[in-house]
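Taking it in order: structure first as structure tokens, then the write-up.
Laboratory data are not the source of any read-out in this text; all were calculated from the coordinates shown. All values derive from a computational prediction rather than experimental measurement. Cβ sites come from the backbone with ideal geometry, for glycine too, and all protein chains shown count toward neighbours.
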Amino acid sequence: MRSIVIIGNGIAGITAAREIRKRSDDKITVISSETDYFYSRTALMYLFMGHMEYHHLKPYEDWFWAKNRIDLVRGYVERIDFEGKALHLAERSVSYDVLILAVGSKPNFFGWPGQGLRGVQGLYGMPDLERMQADTNGVRQAVVVGGGLIGIELCEMLLSKGIQTTMLVREKSYWNSVLPDEESALIGDHVREHHVDLRTHTELAELHDDGTGRVGSLTTKTGETLPAQFVGIAVGVSPNIDFLKNTPLETDRGILVNEFLETNLPGVYAIGDCVQHRTPPPNRKPLEQIWYTGRMMGETLAQTITGTRSAYDPGVFFNSAKFFDIEYQTYGFAPAHLNESPDLKTFYWQNAARKVAMRFYFRADTGVVVGMNTLGIRQRQAVWSRWISEERTIGEVMGNLEKANFDPEFFRRYEDEIVDAFQGQFAEWRVERKSRSIFAKLF
Ligand SMILES: Cc1cc2nc3c(=O)[nH]c(=O)nc-3n(C[C@H](O)[C@H](O)[C@H](O)COP(=O)(O)OP(=O)(O)OC[C@H]3O[C@@H](n4cnc5c(N)ncnc54)[C@H](O)[C@@H]3O)c2cc1C
């Protein structure tokens, strides 16, 4: 019986543990410093806002681990002796035959003066949430630095406590490095309507002590000073690999792995946010720090470790998020700007009054659809993944749009409006409507 040790009890590590247990009797140990049990990191904001309690975030009951013979160890691995196959924690050592590194990410901090003051923090794990709960007490004004998905969650959390919130964004509009101009403007307006003071072209320069060791204000690169008794830093995350530097393990921005999630060391694997793919799967990035890719890597690696060597194949990219109450989904190749892809065209449709929008990316010559963004209209993942992988043309996709709609019954349907606008702009791509929604006529 081998001793399989996993560092990290997030979605990647826990999926690997569960899937290995389904297939083998090996001894499995999961070590993590953050919490005793696996919890859903993506729901942290709901805990803060009082919509959920901690036990709601735990997908498994506490008895599940013993029943499935998965030993949980709470502790921080300070050092790994890869030659001796041993992990060194503060008060004990653990030996392994197989090691899985699933050590996640950490929030980026860029060395701003004053970034160590109390009340200045990122949001990644439970300790961050506990600090935020303590340090937002009595706060009147807060600033969120960075405008991605965690930045907007921080705004929503702060607003839920009645705190006046300013968001600083380096780009010309909200998350414009990922969202094309129109979507970015739509969400930016929505953010402002929620009474967030969204400042574009604005970067943090320095944070100032209020005289007690906690933050009282900050200065931007344009020299403006903003009062802030709490500052949330949301300028991205990086693989949490500092403790692995200067070891025989090959790292770059993340832990380098091949398509089998193998590192350069025999018997040592890496999965989840901490991974950097040496050769990314087709149309994917070397680092993808998202929930479902961690789960997929855990599933894939479990196969390899239990005897079926399997390559990681995440399929068509997708991601989803919420900007306050607007749901966002993206599929396939959907860049913010097309400068580097002149062979692509996009069709954008928006119903501004209702804040819903869709964008379709397709090849200029063949019409093959390569990607899509949607705001406010929920789409079926299985349908879009199939359309993109089967290289359906824009005419076919438009003609079948209703099949992808996943909004609840009696929601307003927009397919007719979208197709009419598309034909007005791209008459050369004929759309054959397969089915017409009766709801489109009703609303
Ligand atoms: C607030 C927030 C919201 C998010 N929302 C979304 C979303 O809506 N959709 C989405 O796709 N993704 C979302 N993400 C990202 C997603 O949560 C991550 O991609 C995912 O949780 C990473 O899982 P993981 O298993 O790779 O690592 P993690 O969940 O980070 O787990 C790694 C664990 O390893 C522990 N660890 C690290 N080093 C050591 C060590 N040396 N010794 C012991 N333990 C160690 C860490 O403490 C941590 O608990 C969100 C992230 C955050 C922070």
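Would you compute, for the Cα atoms of region 1-117, the largest minus smallest coordinate along each principal axis and list the three values in descending order, in whole Å?
Cα extents, longest axis first: 48, 35, 22 Å.
Show me the trypsin sites (Lys or Arg not before Pro) within region 348-380 that DSSP assigns to loop and that have at most 16 other Cβ atoms within 10 Å of their Cβ. Present the calculation step by step, with values, prior to reporting the outcome.
Numbers: sites: R354, K355, R359, R363, R378, R380; in loops: K355, R378, R380.
Answer by residue number: R378, R380.
Report, largest value first, the span of the C-alpha coordinates of region 326-442 along each principal axis, in whole Å.
40, 29, 27
Hand me the chymotrypsin sites (Phe, Trp or Tyr not before Pro) from region 55-125 located in a DSSP loop with no more than 11 other Cβ atoms within 10 Å, in residue order please.
Values: sites: Y60, W63, F64, W65, Y76, F82, Y96, F109, F110, Y124; in loops: Y60, Y76, F82, Y96, F109, F110, Y124.
Answer by residue number: F110.
Compute the distance from the alpha-carbon center of region 346-364 to that of region 248-321, in whole Å.
The two parts, judged by their Cα centres, are 32 Å apart.
Quick check on the chain: helices-only [θ] at 222 nm, where DSSP H runs of length 4 and up contribute -39,500 (n - 2.57) each and the sum goes over total residues. Nearest 500, please.
Values: 12 runs with 107 residues, N = 443.
Computed mean residue ellipticity for the chain: -7000 deg cm²/dmol.
For the chain, give the share of DSSP beta bridges that are antiparallel, in percent and rounded to the nearest 5; count only bridges with both residues there. It would help to have the intermediate numbers written out before the result.
Details: 47 of 83 bridges.
Given both bridge residues lie in the chain, the antiparallel proportion sits at roughly 55 percent.
For region 120-235, I need the span (max minus min coordinate) of the C-alpha atoms along each principal axis, in Å, sorted largest to smallest.
43, 31, 23 Å, listed from the longest principal axis down.
Averaging over every viewing direction, what projected area does the convex hull of the Cα atoms of the chain cover, in nm²?
23.9
Between D128 and R192, take the C-beta separation as r, use R0 = 35 Å, and let me know the FRET efficiency to the nearest 0.05. Numbers along the way, then the final one.
Details: r = 26 Å, r/R0 = 0.75.
For R0 = 35 Å, the calculated efficiency reads 0.85.
Going through region 337-443, which GluC sites (Glu not before Pro) have at most 14 other Cβ atoms within 10 Å and a DSSP loop state?
The qualifying sites are E340, E390, E391, E409, E428, E432.
How large is the convex hull of the C-alpha atoms of region 244-391 per residue, in Å³? Walk me through the numbers on the way to the answer.
Working: hull volume 20.8 nm³, N = 148.
Cα convex hull per residue, to the nearest whole number: 140 Å³.
Could you tell me what % of all Cα pairs in region 343-386 have separations over 12 Å? Walk me through the intermediate numbers first.
Values: 591 of 946 pairs.
More than 12 Å apart: 62 percent of the Cα pairs in region 343-386.
What's the FRET efficiency of H337 with K221 using the Cβ-Cβ distance as r and R₀ = 35 Å, to the nearest 0.05?
0.90
Using only Cα atoms, figure out Rg for region 86-184 and give it as a multiple of 2.2 N^0.38 Å.
With N residues counted in region 86-184, Rg over 2.2 N^0.38 Å equals 1.43.
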